[in-house]
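One structure below.
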There are 2 protein chains.
Amino acid sequence: MSEPVTLINAFTVPVEESERFLRHWKDAARVMASQPGFVRARMHHALADDAELRFVNVAEWASVRQFDAAQGSPEFRGAVQRMLDDPDLHVTARPALYQVAVDLHPGETP
Amino acid sequence: MSEPVTLINAFTVPVEESERFLRHWKDAARVMASQPGFVRARMHHALADDAELRFVNVAEWASVRQFDAAQGSPEFRGAVQRMLDDPDLHVTARPALYQVAVDLHPGETP
């Protein structure tokens, strides 16, 4: 499939582990940003500390195939493993692939 | 606060109610797209039916104040109420406001 695809990964992270989590995430994101097919990623941080989904990454890729290849790279797997192995980090991740169903601009009718 | 803000709303929706849900959501989204401060919204649909977060709306607003005003409009409240009152729809929504913590482009280092 060569259509664009969006990875959305919503994270639950204890407030006091936010900086530690972001450091790990940036290590993994740097790997992804160097891979073919990467278009853009935005990591969002909830304004409220009691949000269930405190961090949400929205990453656009040119195709599922290229995303899969990037995710399978040893560098990326290593970065993810280091995050999983960190005993001071307690993160729940909910990664899934999405297609854009509606793209809405001011005054438009969806 | 006049900084840009992103509403992310992750929905859990039974697969067979997807079209019904999207119809309701579009009614509410049309109202939002006509309000001052609305920048853009993208509704994402999970490729996999068993994803926990089957629909994710990522909507950019010029400010929290304008988002709050739009959300308080009678038209928007009416559209949301009609969705909540639909006995054939079983939706869990997780709306929260976010700031962009990292905006990453190809080859960049976050």
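The values are calculated or read from the model by the stated rules, or taken from the named source; none is laboratory data. What you see is a predicted model; the values in this text were computed from it and never measured. A quick note on method: Cβ atoms are made from the backbone with ideal geometry, for glycine too, and the neighbour counts reach across all protein chains shown. Accessible surface is based on the protein model in full, side chains and every heavy atom, while ligands, DNA and RNA are left aside. Shrake-Rupley method; radii C 1.70, N 1.55, O 1.52, S 1.80 Å.
Could you please let me know if B:Val13 is within 9 Å of chain A (Cβ to nearest Cβ) and closer than 26 Å to A:Glu60 by Cβ? Show your work before the answer.
Details: within 9 Å of chain A (Cβ to nearest Cβ): no; closer than 26 Å to A:Glu60 by Cβ: yes.
So B:Val13 fails the test.
Any chance the stretch A:77-99 includes a residue that's touching a Ser or Thr at 6+ places or on another chain (Cβ under 7 Å) and of a type in the set (Lys, Arg)?
No, every residue in the stretch A:77-99 fails to be touching a Ser or Thr at 6+ places or on another chain (Cβ under 7 Å) and of a type in the set (Lys, Arg).
Restricting to the stretch A:27-66, what's the tally of residues that are of a type outside the set (A, V, I, L, M) and within 10 Å of the chain's Cα centre (by Cα)?
Within the stretch A:27-66, residues that are of a type outside the set (A, V, I, L, M) and within 10 Å of the chain's Cα centre (by Cα) number 5.
Looking at the stretch A:72-90, is at least one residue surrounded by 14 or more Cβ atoms within 10 Å (Cβ to Cβ), in a strand (DSSP E or B) and out of contact with any Leu (no Cβ under 9 Å at 6 or more places or on another chain)? Step through it out loud before you land on a result.
Taking the stretch A:72-90 and keeping what is surrounded by 14 or more Cβ atoms within 10 Å (Cβ to Cβ), we get A:73, A:75-76, A:79-80, A:83, A:86, A:89.
With in a strand (DSSP E or B) added as a condition, the list becomes none.
No, that holds for no residue.
Every residue in the stretch B:6-21 that is over 16 Å from B:Ala48 (Cα atoms), in a helix (DSSP H, G or I) and either touching a His at 6+ places or on another chain (Cβ under 7 Å) or not hydrophobic (A, V, I, L, M, F, W, C) (or both), please.
B:Arg20
Give me the pairs, please: first residue somewhere in the stretch A:53-71 and at pLDDT 95 or above, second residue anywhere and of a type in the set (S, T, N, Q) and part of a helix (DSSP H, G or I), beta-carbon distance under 8 Å, and either six or more positions apart or on two chains.
Listed by first residue and then by second, the contacts come to A:Arg54/A:Ser18; A:Phe55/A:Ser18.
Could you please find all residues in the stretch B:38-60 being more than 7 Å from chain A (Cβ to nearest Cβ), in contact with a helix residue (DSSP H, G or I) (Cβ under 9 Å, 6 or more places away or on another chain) and surrounded by 15 or more Cβ atoms within 10 Å (Cβ to Cβ)?
Correct list: B:Arg54, B:Phe55, B:Asn57, B:Ala59.
Please specify each residue of the stretch A:34-67 satisfying the condition of being of a type in the set (Phe, Trp, Tyr), in a strand (DSSP E or B) and closer than 15 Å to A:Asn9 by Cα.
Of the residues in the stretch A:34-67, the ones of a type in the set (Phe, Trp, Tyr) are A:38, A:55, A:61, A:67.
Now drop any that are not in a strand (DSSP E or B), which leaves A:38, A:55, A:61.
If the condition is that a residue be of a type in the set (Phe, Trp, Tyr), in a strand (DSSP E or B) and closer than 15 Å to A:Asn9 by Cα, then A:Phe55, A:Trp61 are the ones that fit.
Does any residue of the stretch B:91-100 turn out to be more than 30 Å from A:Phe38 (Cα to Cα) and in contact (Cβ under 8 Å) with a residue 12 or more places away in the chain? Give the derivation first.
Initially, the stretch B:91-100 is screened for residues more than 30 Å from A:Phe38 (Cα to Cα), giving B:91-92.
From the residues that got through so far, the ones that are in contact (Cβ under 8 Å) with a residue 12 or more places away in the chain too are B:91-92.
So far as the stretch B:91-100 goes, yes, one or more of its residues are more than 30 Å from A:Phe38 (Cα to Cα) and in contact (Cβ under 8 Å) with a residue 12 or more places away in the chain.
Of the numbered conditions (1) touching a Gly at 6+ places or on another chain (Cβ under 8 Å); (2) open to solvent by 50 Å² or more (accessible area, probe 1.4 Å); (3) touching a residue at least 24 places away in the same chain (Cβ under 8 Å), B:Ser34 fails exactly one; give the number of that condition.
(3)
Of the numbered conditions (1) more than 10 Å from chain A (Cβ to nearest Cβ); (2) open to solvent by 20 Å² or more (accessible area, probe 1.4 Å); (3) part of a helix (DSSP H, G or I), B:Ser2 satisfies every one except a single condition; which is it?
(3)
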